[in-house]
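Reviewing the structure listed below.
The values are calculated or read from the model by the stated rules, or taken from the named source; none is laboratory data. Because the structure is a prediction, the values reported are computed rather than measured. Cβ placement follows ideal geometry from the backbone for every residue including glycine, while neighbour counts extend to all protein chains displayed. Please note that ligands, DNA and RNA were not included when accessible areas were found on the heavy atoms of the full protein model with its side chains. Shrake-Rupley method; radii C 1.70, N 1.55, O 1.52, S 1.80 Å.
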Amino acid sequence: MATSPQNPAVVTRSPEEQEQVDRETDKLALYYYETCPFCIRVLRTIERLRLKIELRNIRKVPAYREQLLQGGGDSTVPCLLIHNDDGSMEWLYESDAIMSYLEKRFA
């Protein structure tokens, strides 16, 4: 299958580069549910970029929905939780914003 903007290529990295990316993604968690079309777009980006991001399904684990509501202020998915180096947390909503963040940081 050819690559295109609608079907970009999977990212390839050296083992060392992948190990570094894996360490960085330890600070991320995606709140989602499996039938949300916007979540599916983000999940495809995560897969293509070969990222190991913790997935928190708000329909299967009600506590995740509560965390999302308490921390981010909204139960809308997808939402990417980013633990910053200074100990602060950032709640990034909107699939386009999440995909842009992941592309800029890990592509």
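Arg105 versus Arg41, label points 7 Å from Cα toward the beta carbon: distance in nm?
Taking the two extended label points, one gets 1.9 nm.
Would you compute, from DSSP H runs of 4+ residues alone, the mean residue ellipticity of the chain at 222 nm, taking -39500 (n - 2.57) per run and dividing by the full residue count, rounded to the nearest 500?
Here the helix-only value at 222 nm equals -13000 deg cm²/dmol.
Filter the GluC sites (Glu not before Pro) in the stretch 24-106 down to the DSSP loop ones having no more than 11 other Cβ atoms within 10 Å, then list what survives.
Working: sites: Glu24, Glu34, Glu47, Glu54, Glu66, Glu90, Glu94, Glu103; in loops: Glu34, Glu94.
Here the sparse-neighbourhood loop sites are Glu34.
Taking every alpha carbon pair in the stretch 46-107, what does the distance histogram look like in 5 angstrom bins from 0, in percent?
With 5 Å bins starting at 0, P(r) equals 4, 16, 25, 27, 19, 8, 1.
Under a point-charge model restricted to the Cβ atoms of Lys and Arg (+1) and Asp and Glu (-1), what is the dipole moment magnitude of the chain relative to its Cα centre, in debye to the nearest 20?
Details: 14 positive and 17 negative charges, 87 e Å.
For this selection, approximately 420 debye.
Kindly express, to the nearest 10 degrees and within the range 0 to 90, the angle between helix 37-48's C-alpha long axis and the longest C-alpha principal axis of the chain.
Approximately 40 degrees, to the nearest ten.
Over its Cα atoms, what ratio of radius of gyration to 2.2 N^0.38 Å does the chain give?
1.08
Starting from the Cα of Lys52, step 7 Å along the direction of its Cβ; do the same at Gln70; then give the gap between the two resulting points in nm.
Using points 7 Å along Cα→Cβ, the separation is 2.8 nm.
In the chain, carbon and sulfur make up what percent of the accessible area (probe 1.4 Å)? Could you put the intermediate results ahead of the total?
Details: 3380 of 6610 Å².
Solvent-exposed carbon and sulfur of the chain make up 51 percent of the total.
Express in nm, to one decimal, how much length is gained between Glu24 and Met89 on full extension, taking 0.36 nm for each residue of separation and deducting their alpha carbon distance. Numbers along the way, then the final one.
On the way: separation 65, 0.36 × 65 = 23.40 nm, distance 1.44 nm.
Difference between extended and current length: 22.0 nm.
Hey, what angle do you get for helix 15-25 against the long axis of the chain, alpha-carbon based, 0 to 90 degrees rounded to 10?
20
For the chain, calculate the relative contact order in percent as a whole number, restricting contacts to Cα pairs under 8 Å that are 6 or more residues apart.
Averaging sequence separation for qualifying contacts and normalising by length gives 28 percent for the chain.
When ligands, DNA and RNA are left out and all protein chains stay put, how many square angstrom of accessible area per residue does the chain have with a 1.4 Å probe?
Here the per-residue accessible area is 62 Å².
Taking Cα atoms, how many degrees apart are the long axis of helix 62-72 and the longest axis of the chain, rounded to 10 and kept between 0 and 90?
That helix lies at roughly 90 degrees to the long axis.
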